[in-house]
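A.B. asks: Let me begin by handing over the structure; questions about it come next.
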Amino acid sequence: MTEPLRLGIAGLGTVGIGVVKIIRRHAAMLEARTGRPITISAVSARDASKDRGVSLSDYAWETDPVALAKRDDVDLLVELMGGHEGAAKDCIEAALSAGKDVVTANKALLAIHGQALAELAEEKGASLRYEAAVAGGIPVIKALSEGLAGNEITRVMGVMNGTCNYILTQMEATGQGYNALFEECGRLGYLEADPNLDVGGIDAGHKLAILAAIAFGTKPAFDDVQLEGIQRIAIEDIRAAADMGFRIKLLGVAQRTGRGLEQRMSPCLVPANSPLGQLEGGTNMIVVEGDAVEQIVLRGPGAGEGPTASAVMGDVCDITRGFKMATFGQPATNLQAAPAAQAELPAPFYLRMALQDKPGTLAKVTAVLGECGISIDRMRQYSHDEPSAPVLIVTHKTSRASIDQALEQLQASDAVSMAPVAIRIENL
């Protein structure tokens, strides 16, 4: 009889328990599909007495995840604790150093320490797999590294944080402001322990850094990702964007340009009738563009017990079959440190401003934009009772530097009654 692949699971939260359930529920199916039984030898978490809704009495218990990684009856470590330092990093390094394969959902660890871990894995002949680290149940890592391996990737973009997408779509659907929906997400348990990881774009930025490394053959470089969260998006922007045929998304974009590798995670306007524009609630979507395939769209649940555990098991099954692959799609020693783009590619921008309601004000605005090399594509002014007049402008393609220069001059003038808002419009 073929020897089983024996797992050690470090971390028994929502995803860890989801993995246990899949292995118990589908043991025969997994063996049929991989040609080898998959079993659990031992587990590790802080509290052994906690009721997790499933019996763990069949498995040995380790309080120290490093000890779990070193056990003789563990062939593959599944790390589901999270955190880019401390126990998670230590147990993965211990497993790889012993030549054991590792499956993880730890996006922060890979975005920050992925290069060093990839080099260690390949030096020891071990696999380091992480489908669950990006976009939950969507198999985007496999798509980029395997299915699209014959393409030169030109751009990767997408909505990679379900909490932010939930807040933005609910703002439009309910008319509530950001603060009210942020509090609702806290009550529903949608936010990380540090909420800024979600709403500040950090969580999604980790995922973008990983995708960029695979897509462009570069070392993961989270420090080069330009981050802007959704905290400043007002209900007025949601309504105005909708009125002009757009929706606002926290959008990650990675693309190689003549200026270097551009990686940014920021609120953007996208056409309301585009796949990204139609994305609702907590769903994730990744768009990949390549020279041969042109454009593909991957959509699905970005988090949760079932979807994330499903992604973990996809990696476990590949390793059980004996499938080996370099961590980021090619040997880690071949990966280059790409220079970070110092400026974004030009794009149209949405501008919202409240103008002083007096003669000549609009002429001053257009003059400032013209002086900064910004051409107006369309403009809309709304009726009002307030002393200031709300005006929306969509520009032709321009640089962020030109937009910032114009905003600075406008705020220094007597033309606007409050700081203007500028949001990039992404071409899809």
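A.B. asks: State whether the residues of the stretch 378-386 include one that is at pLDDT below 95, outside any strand (DSSP E or B) and among the small types (G, A, S). Before you say what the answer is, go through the steps one by one.
C.D. replies: Step one: list which residues in the stretch 378-386 are at pLDDT below 95, which gives 378-386.
Filter once more, so that each one left must be outside any strand (DSSP E or B): 382-386.
With the extra rule that they be among the small types (G, A, S), the set shrinks to 383.
Looking for residues that are at pLDDT below 95, outside any strand (DSSP E or B) and among the small types (G, A, S), one finds at least one in the stretch 378-386, hence yes.
A.B. asks: Oh, and also: Of all residues being among the small types (G, A, S) and in contact with a strand residue (DSSP E or B) (Cβ under 9 Å, 6 or more places away or on another chain) in the stretch 256-270, which is nearest to E152 (Cα to Cα)? Just the residue, please.
C.D. replies: Checking each candidate, the answer is G260.
A.B. asks: Let me ask another. Take residues that are within 18 Å of G136 (Cα to Cα) and tell me which of the helices (runs of 4 or more DSSP H) falling wholly in the stretch 166-260 contain 3 or more.
C.D. replies: The helices (runs of 4 or more DSSP H) meeting that bar are 196-199, 202-216.
A.B. asks: I need the strands (runs of 3 or more DSSP E) fully contained in the stretch 1-95, keeping only those with at least 2 residues that are open to solvent by 70 Å² or more (accessible area, probe 1.4 Å) and closer than 23 Å to E305 by Cα.
C.D. replies: none
A.B. asks: I would also like to ask the following. Given the conditions (1) touching a strand residue (DSSP E or B) at 6+ places or on another chain (Cβ under 6 Å); (2) open to solvent by 30 Å² or more (accessible area, probe 1.4 Å); (3) of a type outside the set (F, W, Y), report the number of the one that L148 does not fulfil.
C.D. replies: It fails just one condition, (2).
A.B. asks: Does at least one position in the stretch 272-289 carry a residue that is of a type outside the set (F, W, Y), out of contact with any helix residue (DSSP H, G or I) (no Cβ under 8 Å at 6 or more places or on another chain) and farther than 20 Å from A347 by Cα?
C.D. replies: yes
A.B. asks: Further question on the same structure: Within the stretch 392-403, identify whether any single residue is open to solvent by 20 Å² or more (accessible area, probe 1.4 Å), more than 31 Å from the chain's Cα centre (by Cα) and either at pLDDT below 90 or within 26 Å of Q342 (Cβ to Cβ) (or both), and answer yes or no.
C.D. replies: No, that holds for no residue.
A.B. asks: Another question, then. What's the number of the only condition in (1) at pLDDT 90 or above; (2) open to solvent by less than 40 Å² (accessible area, probe 1.4 Å); (3) over 18 Å from A241 (Cα atoms); (4) of a type outside the set (A, V, I, L, M) that G373 fails to meet?
C.D. replies: Single failed check for G373: (2).
A.B. asks: Scanning the stretch 325-364 for residues that are under 24 Å from the mean Cα position of the chain (by Cα) and open to solvent by 50 Å² or more (accessible area, probe 1.4 Å), which turns out nearest to D377 (Cα to Cα)?
C.D. replies: Filtering first and then ranking leaves P346.
A.B. asks: What number of residues in the stretch 394-428 are among the aliphatic types (A, V, I, L, M), touching a helix residue (DSSP H, G or I) at 6+ places or on another chain (Cβ under 8 Å) and farther than 18 Å from E236 by Cβ?
C.D. replies: Here the count works out to 2.
A.B. asks: Under 8 Å by Cβ, and 6 or more places apart or on different chains, what pairs join a residue from the stretch 357-369 that is closer than 13 Å to P420 by Cβ and assigned by the TED database to the domain that holds I403 with one that is assigned to a helix (DSSP H, G or I) and not small (G, A, S)?
C.D. replies: These pairs meet every condition: V365/L410; V368/Q409; V368/L410.
A.B. asks: May I pose another question? Name every residue in the stretch 101-135 that is within 13 Å of the chain's Cα centre (by Cα) and modelled with pLDDT of 95 or more, in order of residue number. Talk me through it step by step, then tell me what you get.
C.D. replies: From the stretch 101-135, those within 13 Å of the chain's Cα centre (by Cα) are 105-108, 110-111, 131-135; that's our starting set.
Passing the criteria: A105, N106, K107, A108, L110, A111, E131, A132, A133, V134.
A.B. asks: Return a yes/no flag: does the stretch 113-121 have any residue that is free of Cβ contacts under 8 Å to residues at least 60 places away in the same chain, assigned to a helix (DSSP H, G or I) and loosely packed, with under 15 Cβ neighbours inside 10 Å.
C.D. replies: Yes, the stretch 113-121 contains a residue that is free of Cβ contacts under 8 Å to residues at least 60 places away in the same chain, assigned to a helix (DSSP H, G or I) and loosely packed, with under 15 Cβ neighbours inside 10 Å.
A.B. asks: Follow-up. Consider A133 carefully, then state whether it is more than 18 Å from L5 (Cβ to Cβ), in contact with an Asp or Glu (Cβ under 8 Å, 6 or more places away or on another chain), open to solvent by less than 30 Å² (accessible area, probe 1.4 Å) and not aromatic (F, W, Y).
C.D. replies: The answer is no for A133.
The values are calculated or read from the model by the stated rules, or taken from the named source; none is laboratory data. A quick note: this is a predicted structure, and the numbers were derived from the prediction, not measured. A quick note on method: Cβ atoms are made from the backbone with ideal geometry, for glycine too, and the neighbour counts reach across all protein chains shown. Remember, those area values only see protein heavy atoms, side chains included, never the ligands or the DNA or RNA. Shrake-Rupley method; radii C 1.70, N 1.55, O 1.52, S 1.80 Å.
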